[in-house]
1. Quick one: is G88 within 21 Å of S128 (Cβ to Cβ), modelled with pLDDT of 95 or more and open to solvent by less than 60 Å² (accessible area, probe 1.4 Å)?
2. Kindly provide the set of residues from segment 70-109 that are assigned to a loop (DSSP other than H, G, I, E, B), among the polar types (S, T, N, Q) and closer than 20 Å to A19 by Cα, ordered by number.
3. Specify the residue that is farthest from T3 (Cα to Cα); the eligible residues are those in segment 36-64 that are in contact with a helix residue (DSSP H, G or I) (Cβ under 6 Å, 6 or more places away or on another chain) and not in a loop (DSSP other than H, G, I, E, B).
4. From the list V20, V67, V33, pick out the single residue that is assigned to a strand (DSSP E or B), modelled with pLDDT of 95 or more and either open to solvent by less than 10 Å² (accessible area, probe 1.4 Å) or under 20 Å from T130 (Cβ atoms) (or both).
5. On the basis of being hydrophobic (A, V, I, L, M, F, W, C) and under 16 Å from the mean Cα position of the chain (by Cα), does I112 make the cut?
6. Is it the case, given these coordinates, that R78 is without any contact (Cβ under 8 Å) to a residue 24 or more places away in the chain, out of contact with any Gly (no Cβ under 7 Å at 6 or more places or on another chain), more than 22 Å from I149 (Cα to Cα) and among the charged types (D, E, K, R)?
7. Looking at F28, F95, which is the one that is closer than 20 Å to P120 by Cα and either touching a residue at least 40 places away in the same chain (Cβ under 8 Å) or touching a Gly at 6+ places or on another chain (Cβ under 9 Å) (or both)?
8. With the requirement that a residue be free of Cβ contacts under 8 Å to residues at least 40 places away in the same chain and touching a strand residue (DSSP E or B) at 6+ places or on another chain (Cβ under 9 Å), what does segment 39-68 give you?
Amino acid sequence: MKTAIFPGSFDPFTRGHEAVVKEALGLFDRVVVAIGDNCRKQALLALDDRKRLIDDLYADDDRVECVAYDTLTGELARLKGAAAIVRGVRNTVDFEYERTMAQINRRIFPDIATVVLFTPPELTDIASSTVRELLAFGRDVSDMMPEGIRIEDYMPHRR
């Protein structure tokens, strides 16, 4: 069984992330969505709420597992028996960053490949940071969220 790790902060998990998972499932038998807690970012959702959102979204798909982690992504990939780290790319800025990360990961974890998947064109404007900013101004972001996911349900301070 081929497994891939899809790491990110997923704050929040968007339709763009969902598209990457869908494409990755066409290449791998199993995808582990790995939530890293980036202490340098001001989080919209608590780590537990981000995990709950993803678990809810994929509750009926046993090919997708969601975990939180606080180690190097390559170490988590080895722990999960993953053959690859999947990264989503929206634009050239993302690509340059991901290329650097892939080279570093290859140096440290030569047995784990990095697979770059391009976000569908109609979703390239969706970024978690944009969703957070729009929410801060009280705007509707439902078209940026996976179908059936109401971001408000995962934000305890807004319930």
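1. Here the answer is yes, as G88 does meet what is asked.
2. Listed by number, the list holds a single entry, N91.
3. D49
4. V33
5. Spelling it out, it is not the case that I112 is hydrophobic (A, V, I, L, M, F, W, C) and under 16 Å from the mean Cα position of the chain (by Cα).
6. no
7. Only one candidate passes the filter, namely F28.
8. L47, D48, K51, D55, Y58, D62, R63, E65, C66, V67, A68
The values are calculated or read from the model by the stated rules, or taken from the named source; none is laboratory data. Predicted model, so just to flag it, every value in this text is computed and none were measured. Reconstructed Cβ throughout: ideal geometry from the backbone, glycine too, with neighbour counts over all protein chains shown. Accessible surface areas use protein heavy atoms only, side chains included; no ligands, DNA or RNA. Shrake-Rupley method; radii C 1.70, N 1.55, O 1.52, S 1.80 Å.
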